[in-house]
Amino acid sequence: MNSQFSRLLGPLGELTRGFLLGNLAEPVLQERARVQETLLALLYAELLGLPVPGRYYALGLLPFFCRELPGWKRRRLAEKDLTVVHDLM
Amino acid sequence: MNSVVILLLAVITALIGYYVYAKYVDEKIIQADPKKATPAVMYMDGVDFMPTSRHVLIGYQFKSIAALGPITGPIIAIQWGWLPALLWILFGVFFIGWVHDYSSAILSMRNEGQSFGALSYRLISPRARVTLLSFIYFYLILILAAFGDIVATMMAKISSVPFAILALMGTGALAGWMIYKKRSDILYTTFLMVALSLIGIYLGTVLKIPGSKTLWVLFALLFSYLGAVLPIWSYTQPINYISFYLVFLGMLGAALGILIGHPVASTPAFTTYTIGVGPLWPILFVTIACGAISGWHSLVSSSGTARQLQNETHNRYVTAGAMFLEMVLAALAIIIASATFKDFGAYAAEMKASGPAGVFAKGMSSLLAYLGIPGGFGTAFAGAIFVILAITVMQLVLRFARIATAELAGDAIPALRNMHLGALLAMAITYLLIATGTYGYIWTLFGGSNQLMASLALMMVTIWLASQKRNYHYALWPMVFMFLTTISALAWTAYRMYENIGKLQAGKLPPPAGQTVGMAVAGNGISILIALFLLVAALILVWDGFKAFGKAVWPTTSLGQGKTKEA
């Protein structure tokens, strides 16, 4: 009985979270993405022919940020228009 | 009919629609595959593409699609009688509404999460994308005018509402500062601000602020301007967030009031075929947009939800589920308008005096009275939540409109890329429409632009299904119906306004209150131009869509031999 109750409560809690807090997370996620993209630009500036400030530290950090590259590239190249309402909400 | 029966009918229709029809389409036609990687999984970047729990998503989807549309449309449509309005909501959602939302999401998911702008370019034609953007722009301007008119009429008629709105502006902005800057506990902040807002609504019943409609139009536009130019986290979003709790409390109270009081519909089931704004077909079908089908949902489903679903089989639960929930909300609005007034005359008098907002406020306060909430506070509370729903939508819409202005006209007139100029231009057009236009026709045109977006989404789904050699009939016939209905509604509205100009000039028709003959003629003229633009754009779209459909279905015929534009 207890486990059935918690099985119901879990989805209800998630639904309420999406219902009430969904939009509030957006600015935080956007801000995180902006900060992360600035860091990626600093770390990978050499690929664009720009000098990297703090090259020694950047080299150490590179492996940790490799997996972010495809997402960064996709975001930068993605065509944005009015139909992407998600960005504006 | 008893209001509980209306509510039960909506719930039963939703259950059959979800567990029978939607399940059939999901499993047999679309063949949702739990093993197929979704764009959210393939392209996860933590921002746009992010696998999210389906329970979180349905809450978010419902919040994004259900605002004032599913409430206002049914309240206006009661003028034809509650039965046609209810039937359109039930059958509209059952056969068209959920199909539209669900299919828009699956179309985007099966095409790497592409937005509808890119998909319309690729699936139909390059000019289909431009047409879609123009529909969106007119949709934004007309929704601003329609809601601006509602807000101003309401605030001028019920003087307890303005203070409540000012209080909510203050608590919302304070909530933003506390959540994002002070990093206060969100539960504590929410509880405190909701309580303060309720106190503000109560104080509104004591501190009444009188004002003319023009004053409140300007106030609503200024409020929206701040929302459009300030960072979204600092103003628009927290106000939206806090007001949502009030709306939620109000709707919950109304639902409980129906269950306790179970009032009986006092307005007739059917009044007459033709009312002030037009005949039942096609006008009813654009008057009730969001409660039955809305093009806005396709944008939310394709650019948001489709990029967050972690499994294809979750799509039915999230998109169709949210649409059926919205149907229940629309049924609730029908009850508020049809079962809480003494008779049809009382409803009609309230509609004439303070518009759909007044009907909502009076109707909801009657339902809240079953819970023991005093009428004065109930009316102020219901009025405040209606205005807040409208005004928060206006903030977001003006924000969209300034970006739309920059995108559509920024290349030709670089000054319009400036966010203040873009917002001011949209505000000026809105003010012109409110000051000179007629509310009923503005609402019809808004519904028309919305339904054309929906028709375009269904057209894309049909063409995509045909190109995949799948059964496309479940999307094709709703699309044909929506195109025919909306085009007819726009043509009828344009013709009616043309007639009105003649009557106004001949002195056979008095101008609306507060307008001169010249202003009313100008307002009708502007509305005719908008209707004709939408009409021509829709006809071009039908032609392009027919050619794209021909290429997909009959690739070997002359229709299928044309050059295909690839994005």
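The values are calculated or read from the model by the stated rules, or taken from the named source; none is laboratory data. As the structure is a computational prediction, the values presented were derived from the model and not from experiment. Methodologically, a virtual Cβ is constructed for each residue, glycine included, from the backbone with ideal geometry; neighbour enumeration extends over all protein chains shown. What goes into the accessible areas is simple: the full protein's heavy atoms, side chains included, and nothing from ligands, DNA or RNA. Shrake-Rupley method; radii C 1.70, N 1.55, O 1.52, S 1.80 Å.
Remarks
- For chain B, accessible area per residue (1.4 Å probe, heavy atoms of protein chains only), Å²: 35 Å²
- Carbon plus sulfur fraction of accessible area for region A:23-88, probe 1.4 Å, in percent: 66 percent
- Three principal axis lengths of chain B [C-alpha, angstrom, descending]: 72, 63, 55
- Cα-based shape type of region B:258-303, given that a ≥ b ≥ c are square roots of the gyration tensor eigenvalues and the cut on a/c is 1.5: oblate
- On the beta carbon distance between residue B:557 and residue B:471, with R0 = 22 Å, the FRET formula returns roughly 0.60.
- Applying 0.36 nm per residue to the separation of residue B:130 and residue B:540 and subtracting their alpha-carbon distance, the gain on full extension is 146.5 nm.
- Cα-only Debye scattering, region B:388-516: base-10 log of I(q)/I(0) at q = 0.13 Å⁻¹: -0.82
- Mean separation of Cα pairs under 8 Å and 6 or more residues apart, divided by the residue count, gives chain B a relative contact order of 27 percent.
- Relative frequency of Cα-Cα separations exceeding 41 Å in the protein assembly as shown, percent: 25 percent
- Apportionment of accessible area to carbon and sulfur, region B:374-513, percent (1.4 Å): 68 percent
- Aspartates and glutamates with Cα under 19 Å of residue B:342, excluding same-chain neighbours fewer than 8 positions away: B:350
- Loop GluC sites (Glu not before Pro), region A:29-89 (other Cβ atoms within 10 Å of the site Cβ: 12 or fewer; DSSP): A:79
- Rounded, prolate or oblate (a/c below 1.5 giving rounded, otherwise prolate when a/b exceeds b/c) for region B:114-244 by Cα gyration tensor: oblate
- The label-point distance for residue B:36 and residue B:188, in a model that sets each label 7 Å from Cα toward Cβ, rounds to 4.8 nm.
- The shape of region B:1-71 comes out oblate: with a ≥ b ≥ c from the C-alpha gyration tensor, a/c is at least 1.5 while a/b does not beat b/c.
- Solvent-accessible area per residue in chain A equals 68 Å², computed with a 1.4 angstrom probe and all protein chains kept.
- Residue-averaged 222 nm ellipticity for chain B, from DSSP H runs of 4+ at -39500 (n - 2.57), nearest 500: -23500 deg cm²/dmol
- Modelled spin labels at residue B:262 and residue A:21, positioned 7 Å past Cα toward Cβ, are 3.9 nm from each other.
- Carbon and sulfur %, accessible surface of region B:25-104 computed with the full protein complex present, 1.4 Å: 63 percent
- Accessible area that becomes buried as B packs against A, both chains, 1.4 Å probe, Å², nearest 100: 3700 Å²
- Going from the chain on its own to the full set of protein chains, region A:46-89 has these residues losing 40 Å² or more of accessible surface (heavy atoms, 1.4 Å probe, no ligands, DNA or RNA): A:74, A:75, A:79, A:81, A:82, A:83, A:84, A:85, A:86, A:88, A:89.
- Stretching the chain fully between residue B:215 and residue B:199 yields a gain of 3.3 nm (0.36 nm per residue, less the alpha carbon separation).
- In summary, the lysines within cross-link reach of residue B:551, defined as a Cα separation below 24 angstrom excluding same-chain residues under 8 places away, comprise B:469, B:563, B:565.
- Sequence-distant lysines (8 or more away, or on other chains) whose Cα lies within less than 27 Å of residue B:63: A:80, B:23, B:181, B:182, B:362
- FRET efficiency, 1/(1 + (r/R0)^6) with R0 56 Å, evaluated for residue B:513 and residue A:65 via beta carbons: 0.30
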